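The values are calculated or read from the model by the stated rules, or taken from the named source; none is laboratory data. A quick note: this is a predicted structure, and the numbers were derived from the prediction, not measured. Please note: Cβ atoms are built from the backbone with ideal geometry, for glycine as well, and neighbour counts cover all protein chains shown. We work out accessible area using only protein heavy atoms, side chains counted, and drop any ligands, DNA or RNA first. Shrake-Rupley method; radii C 1.70, N 1.55, O 1.52, S 1.80 Å.
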Amino acid sequence: MTAYPVNDIARIVNGRLIGASSISIDHIVTDSRKILFPAGSAFFAIAGYRRDGHLFLAEAFQRGVKCFVVSFVPDLQEFPGAVFIVVEDTLSALQTLAAFHRSAFHYPVIGITGSNGKTIVKEWLNHLLQHQFSIVRSPKSYNSQIGVPLSVWQMDDTSNLGIFEAGISTVGEMEALSHIIKPNIGVFTNIGDAHSEGFVNMREKISEKLQLFIDAKWLVYCRDYAELDEQAVKFAEKHPIKLFRWSYHDGAELRILETEPRHRSTVIHLRYLSDEYRYEIPFTSAAAIENSITCAVVMLNLGLQASEMELGMMSLPSLAMRLEMKQGINRCTVINDSYSADLSSLQLALDFLRQQQQHTKRTVILSDIPESGTAEAELYLHVAAVLKRSNVNRLKGIGPLMCKYQKVFTAAGMEAEMFISTGDFLADFHPLQYKDEVILIKGARVFEFERIDQLLELKMHQTVLSINLTAISHNLNVYRRYLKPETKIMVMVKAFSYGSGSYEIANLMQFHKVDYLAVAYTDEGAELRKAGISTPIMVMNPEAASFPAITGYDLQPEIFSFDILKQFSIYLKSEGIREFPIHIKLDTGMHRLGFNAEDLELLSAELKNSSLFKVVSVFTHLVASEDPGEDDFTSHQSVRFLEAADYLSRELGYPVIRHISNTAAIHRHPGLQLDMVRLGIGLYGSGKNNSAGLDLREASVLTTTVAQVREVKAGESIGYSRKAVLKKDSRIATIRIGYADGYPRALSNGAGKVMIRNKLVPVAGLVCMDMTMVDVTDIPDVVAGEEVVIFGKGISVKDLASWSGTIPYDIMTGISQRVKRVYFEE
């Protein structure tokens, strides 16, 4: 990155320099939250639509920035050692500096504009050209008056091709962007009604966008957009630019001969000049076909070989394009159009929404609609009517105007909930609010709805843990049938609910009115409280540092030693807190945590002489309740516990809850249910309990997909360290899971098996960090993308644990949190 002395920047932007500094600047920031390299950054205080950057000067200074470009001088005493460049217009100064920076580089630059598809074409061109060029490009969709200069500022001598997109909303804006990008190659994706409010008509809009290509040598676009073609031809008559057009008809440099739809792809046949070409893309939508053709024209004009184009096109990545439909959380379908909000594009999005028949419930997440040219009240009455006609069941509105007109939408007969900002929506977001429905995300760019899309989208990591909430509810009721009506139940949600997700399981348990939840550490309980869980929560491993959170979030600590009792006493006394609920842990044979029998006299004296505590329960942990061979020891533990619990209750002078039974003891030792039982892994249908005659259902299914299949000759080795050498020619599939996902390395070399097409196949070689190889020789025609079952659907967690020499608890809690959790109900 080129570094500019502050004095040079002041000269370039024609600014007045206040303060002396030897600082050199190689980073530009306009957002005080995104300062990464403060020492070499210049903060441009830009007054935008929603906020004035001058309000954040102090925050940027506190983060270490010493150089500021401002339109007025703040109190200099508050910024010791800082240097200020004062200009009339900070946005204009930013653009001037970026244009100066651009002029230092002479390699090709592709400039992209149009109504739709700019970001997709940019990212696809990067994908297609990355092996031939070192590319610098706009990050994300940085195509605005601020985004473009920030993008171009990235140019340096390590690149030899630039790709930048430019978007405008009114007349006069493209001239500034044209001077900054100064493209040699032009791409005009298409033309439509999006962002038309700032133009008299379509002709004016096209003419303004074409200004980007004043200095370009050639321009790519689709001739079938008649108005675009008409304006482009007139533009070419006035400027030395060559047109490279494509069309489904004659009269263009590139002619589309045929688009051949397949199951999940499209084959495109074309003629360019006198040669014919063919390529396949892994998409079927009209938008994807159009964008790929635009990319093909650019590639052919840059002289790339047909083979390079074919290979690149088939591997085009799926990106968040307008009206992209994708798999969402909890079996939802998500339609993402989080780039604009105007009446015409809303109607198109709702038309697409109505086409989806996979769900009966329809939810729309919609932002304010800015700059519509229609009176507010009339606009939102119209929007409500359009949503009603589209059979929208639920509306989540975001923005001050959506809040203002909430009653308009409720009067239209839909469930409507409004939020002032996207941040407020995100703070209220819970995944289980969305399930088995189609969700349209439609918002103006300023609302940053991509953050909502990220929450609702089923993540790209194709290893997924699916949790059946119906099965969990069923298993809870199976255990409840063993209990007396008065016996309470505590559900263990520690360790991320045995890998299944703490909030989702806790929320379900709260719905089923369990009496207590238990977590291992305070922060787990605090997160549940923040998420709205009100059920009493016991913390099993409290620490002194966590006491403020325990009392602040109404959590109840387990007290297992005199040290922790004393520390908590000191804290409660200092805070003036009395009768805080605690749980006393006794050791009757586990010898892990807890008070011993000889501690009881001193313990009872400490407790009854203090008004700081209120003992809610006394409990112990059974060592081997699942093992018939250890029933005598279980009985021994129970006798010791009852004696101790009764002693403490008598000494305290009030009754306490007694609990000793864990999951296995609930059904194997019904006489030990006492006042409460603790249910753990049995809730998920795992462990030794599902082989004990209980009607439990395995609630979790872990799946992944095949990444690649290859033929490997006899004598070749598979994986690290050559631990597996093939005895015959084999077909080896690489699957997207490894020990970093929680798939034990002990399953290497055939110890473990996975299921493909209802057949077990062995692991081949060592389990890798992110991948594992399996032998699919006996399953014909296995292909990339196929589902692979790790456990569930025929392989139990118990099987996996047995193969790897461990227990189901280890398997369940070891599933990495990078593995996507999907929750569903039957």
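Pairwise inverse Cα distances across the stretch 527-598, averaged and inverted, put the Kirkwood hydrodynamic radius at 13.1 Å. Based on Cα contacts under 8 Å between residues 6+ apart, the stretch 218-295 shows a relative contact order of 21 percent. Using the Cβ of ALA549 as centre and a radius below 13 Å, the other residues enclosed give a net charge of -4, where K and R count +1 and D and E count -1.
For LYS407, the aspartates and glutamates whose Cα falls under 12 Å of its own Cα, not counting residues fewer than eight places away in the same chain, are GLU415, GLU417. A DSSP coil position with no more than 15 other Cβ atoms inside 10 Å describes the following trypsin sites (Lys or Arg not before Pro) in the stretch 700-791: LYS713, LYS723, LYS727, LYS728, ARG757. Applying a threshold of 18 Å to the alpha-carbon distances of LYS396/LYS442; LYS488/LYS566; LYS484/LYS798; LYS573/LYS608; LYS122/LYS182 flags LYS488/LYS566; LYS484/LYS798 as lying beyond it. Taking the Cα atoms of the stretch 160-279, the ratio Rg/Rh between the radius of gyration and the Kirkwood radius comes to 1.01. Find how many whole Å separate the alpha carbon centroid of the stretch 226-300 from the alpha carbon centroid of the stretch 610-652. For the stretch 610-652 versus the stretch 226-300, the Cα centre distance is 77 Å. Protein heavy-atom accessible surface, 1.4 Å probe, per residue over the stretch 389-465: 42 Å².
Modelled spin-label separation between LYS242 and ASP424, with each label point placed 7 Å from Cα along the Cα-to-Cβ direction: 5.6 nm. Applying 0.36 nm per residue to the separation of ILE807 and SER561 and subtracting their alpha-carbon distance, the gain on full extension is 85.7 nm.
Per the 1.4 Å probe, what fraction of the accessible area of the chain, in percent, lies on carbon and sulfur atoms? Carbon with sulfur: 50 percent of the solvent-accessible area. Taking every protein chain into account, the 1.4 Å probe leaves PHE568 with about 0 Å² of accessible area, to the nearest ten.
The label point for ALA226 and the one for VAL725, both projected 7 Å from the Cα toward the Cβ, are 7.3 nm apart. Using only the alpha-carbon atoms of the stretch 78-201 as identical scatterers, what base-10 log of I(q)/I(0) does the Debye formula give at q = 0.10, 0.11, 0.20, 0.22 Å⁻¹? Each listed q corresponds, in turn, to -0.34, -0.41, -1.10, -1.27. Residue-normalised convex hull volume from the C-alpha trace of the stretch 390-497: 197 Å³ per residue.
Taking Cα pairs under 8 Å and at least six residues apart, what relative contact order does the chain come out at, in percent?
Relative contact order for the chain comes out at 7 percent.
Cross-link reach is defined here as a Cα-Cα straight distance under 19 Å, omitting same-chain residues fewer than 8 places apart; for LYS513 the aspartates and glutamates meeting it are GLU486, GLU504, ASP554, ASP675, GLU825. The mean accessible area for residues of the stretch 731-826, using a 1.4 Å probe and ignoring ligands and nucleic acids, is 42 Å² per residue. The candidates ILE214, ILE369, arranged from most to least accessible area with a 1.4 Å probe in the full protein assembly, appear as ILE214, ILE369.
In loop segments of the stretch 45-153 as defined by DSSP, the trypsin sites (Lys or Arg not before Pro) with at most 10 further C-beta atoms inside 10 Å of their C-beta are ARG50. Ligands, DNA and RNA excluded, the heavy atoms of LEU483 present near 30 Å² of accessible surface to a 1.4 Å solvent probe.
In Å², what does the accessible area per residue of the stretch 1-150 work out to with a 1.4 Å probe?
Value for the stretch 1-150: 45 Å² per residue.
Run down the lysines and flag those whose C-alpha is under 29 Å from the C-alpha of LYS727, throwing out any fewer than 8 positions away in its chain. Once the sequence-local lysines are set aside, what remains near LYS727 is LYS713, LYS753, LYS759. Taken over the alpha carbons of the stretch 713-826 as equal point scatterers, the Debye sum produces base-10 log I(q)/I(0) values at 0.15, 0.20 Å⁻¹ of -0.65, -1.13.
Among the trypsin sites (Lys or Arg not before Pro) found in the stretch 477-572, those both in a DSSP coil and sparsely packed, with 12 or fewer other Cβ atoms within 10 Å of their Cβ, are ARG481, LYS513. Computed over the stretch 717-818, relative contact order equals 30 percent, with contacts defined as Cα pairs under 8 Å that lie 6+ residues apart.
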